[in-house]
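Quick note: the coordinates plus some simple rules give every number you see, no bench work behind them. Predicted model, so just to flag it, every value in this text is computed and none were measured. Heads up, the Cβs are rebuilt from the backbone with ideal geometry, glycines too, and the neighbour counts pull from every protein chain shown.
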Amino acid sequence: MVRRARVREAVPPVDAFAGTRRGRPVRMRVKWSEAVTAFAVRPRAAAVELLRPANLVTAAADVLAGFAVAGLANPRVLPWLLLSTVALYGGGVVLNDVFDADLDSLERPERPIPSARISRGAASLLGTSLLSVGIASALVASPVSCLLAVSIAVSAVLYDSWGKHQPGIAALSMGLCRGLNMLLGVSAVSSVLAQRWWIATIPVLFVAAITTVSAGEVRGGDRRSAALALALMALVVVALLSLLLAAPKSWAVLPFAAAFAWRVVPPFVRVYLLPDAERSRTAVRTGVLNLIVLDSAIAAAFGGMLFGAVVVVLLAVAALLARLFAVT
């Protein structure tokens, strides 16, 4: 009797999360980085990717800074304001991808909608639902907060659908959304809005600088736009230092303002020296994440060093999320 030689069958590929081999489930050992990558390409993760999770943390920092401007009073409404800002920002960025789907199919085909990991209709429903949640949450806080939330939602949709294509107003319209977002935090004590509304001009100027540079993320920018962004950045630093005269705990702003200038100004200078796409993307990413440092400076000026430190800790959370999901 002749024994047949055993032939080793080719082993089929195994899914990292729910693998099978010859019809039987197998246990896999997968590196964390590989697991995150595998999850990120699954359809169920497309909605999370659309939200740009790192950016949601910066929105929460805006409200915390505004809450400090309001004197850290009325903490009962703070959770509702935080929920509101996260939902509003999430809805805004999701709808941004909805309106940009055709352009992204050419320039950024890896994004969730052009790569068909989520439909445009589903993304539209997600975005509008989040805006509704944001407005409803603000209403629980106060009618004034609700009015600000409606203003943020309208401003975001106008920017997504029309404003960003208007060279003269794109930067300021995006900055307006951030300024209103900080005022959402101030609305924890509605009477303070009339006295300290001008604080919102600081994030308006900074986001205008970021938006000006962001035009060069795909094909590169130009030195004129980079110079305008640097001028706006200089105004932001001056505005932060002006808090030494206007804020109750002004001395606390100094270390945070110094950290902000040290982290943010160099990438924008490099864009001015060579405004290519790679440097533009780096400057935008740095600027978006360091909105938290800007917020921590304002929070420290009105809420003290400790509260500023609490806000700046969010930078570590945002940086971690930025390694997993796109920021721009």
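Protection proxy ranking, highest mean first, for peptides 73-84, 184-195: 184-195, 73-84, where packing is the per-residue count of other beta-carbon atoms within 10 Å, averaged.
Look at the dipole of the chain built from charges on Cβ: of 248, 45, 157, the Cα furthest out on the positive end belongs to 45.
Oblate is the label for the stretch 130-272, because the ratio a/c of its alpha-carbon gyration tensor axes (a ≥ b ≥ c) is 1.5 or higher and a/b is not greater than b/c. Fewest neighbouring Cβ atoms within 10 Å first, the residues 310, 63, 213 line up as 310, 63, 213.
According to the square roots a ≥ b ≥ c of the eigenvalues of the Cα gyration tensor, what is the shape class of the stretch 47-324, taking rounded for a/c under 1.5, prolate for a/b larger than b/c otherwise, and oblate for the remainder? Since a/c reaches 1.5 but b/c is at least a/b, the shape of the stretch 47-324 is classed as oblate.
A cut-off under 15 angstrom between Cβ atoms defines the neighbours of residue 157, and their net charge, with Lys, Arg +1 and Asp, Glu -1, is -2. Packing, taken as the mean count of other beta carbons within 10 Å per residue, orders the peptides 250-263, 313-326 from highest to lowest as 250-263, 313-326.
If only the Cβ of Lys and Arg carry +1 and only the Cβ of Asp and Glu carry -1, the dipole of the chain around its Cα centre is close to 1680 debye.
For the stretch 65-116 versus the stretch 288-328, the spacing of their alpha-carbon centroids is 16 Å.
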